[in-house]
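Undergrad: I have a structure here, written as structure tokens, and I will follow up with some questions on it.
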Amino acid sequence: MPLPEGLRVLGTHLGPPLGVALAAVNKPSQNLHAEVLLRLLGARLKGQGTSEAGIEAVGDFLTRVGATLAGSELRDGSGLSPYNLVTPRLVTQLLVSMDHHAHATVFKASLPVAGIDGTLRHRLNGTRAEGQVLAKTGSTSM
């Protein structure tokens, strides 16, 4: 992305590959990192490093994979806003499409595994689900 006139790059830092960054967000549920990734999506895909641009980029992706956005409202990257609304249909369509997506392996590897790691490390231990269930936890209280 070009810099405004009169500015110059003083240094750069290349972060980890996206798959590594996603695992660092999803497994321990790093909300601040999720917000930063949303803004990065906005900067890279919409030319503005804002939540709004990131949400627009996410909406574009969801539309491309055939998810139904009706009834849903995204307000942030972490899912903590009380104004976020996501329908079960949207979540199901997203998960089905990601199961067949070219980057399905990277997506699945970013999710906590029941009884193994991340926010599921101490859940479902000793059950048939241990090591089999991939899931993203999350909760809010107002």
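Each value in this text was obtained by applying a stated rule to the coordinates, not by laboratory testing. Everything quoted here is computed from the prediction, not taken from an experiment. Positions of Cβ are generated from backbone atoms using ideal geometry, with glycine treated the same way; all protein chains shown enter the neighbour counts.
Undergrad: How do the pairs read when you match residues in region 108-132 that are free of Cβ contacts under 8 Å to residues at least 24 places away in the same chain and of a type outside the set (Asp, Glu) with residues anywhere that are part of a helix (DSSP H, G or I) and surrounded by 16 or more Cβ atoms within 10 Å (Cβ to Cβ), using Cβ under 6 Å and keeping only pairs 6 or more apart or on different chains?
TA: Ala114/Leu120
Undergrad: Here's a check for you: in region 2-39, which residue that is in contact with a Gly (Cβ under 7 Å, 6 or more places away or on another chain) and aliphatic (A, V, I, L, M) is surrounded by the most Cβ atoms within 10 Å (Cβ to Cβ)?
TA: Leu38
Undergrad: Say whether the condition of being under 24 Å from Gly15 (Cα atoms) and either surrounded by fewer than 12 Cβ atoms within 10 Å (Cβ to Cβ) or of a type in the set (Val, Ile, Thr) (or both) is met by at least one residue in region 59-82. Before the answer, list the steps.
TA: Here is the first cut: in region 59-82, the ones under 24 Å from Gly15 (Cα atoms) are 61, 76-79.
This time we only want the ones that are either surrounded by fewer than 12 Cβ atoms within 10 Å (Cβ to Cβ) or of a type in the set (Val, Ile, Thr) (or both), so: none.
The answer is no, given that none of the residues of region 59-82 is under 24 Å from Gly15 (Cα atoms) and either surrounded by fewer than 12 Cβ atoms within 10 Å (Cβ to Cβ) or of a type in the set (Val, Ile, Thr) (or both).
Undergrad: Restricting attention to region 83-142, report how many residues are closer than 18 Å to Gly19 by Cβ and over 20 Å from the mean Cα position of the chain (by Cα).
TA: Total meeting the criteria: 1.
Undergrad: Out of Glu35, Glu52, which single residue is in contact (Cβ under 8 Å) with a residue 40 or more places away in the chain, among the acidic types (Asp, Glu) and part of a helix (DSSP H, G or I)? So that I can check it myself, show each step before the final result.
TA: Details: Glu52 fails: in contact (Cβ under 8 Å) with a residue 40 or more places away in the chain.
The conditions single out Glu35.
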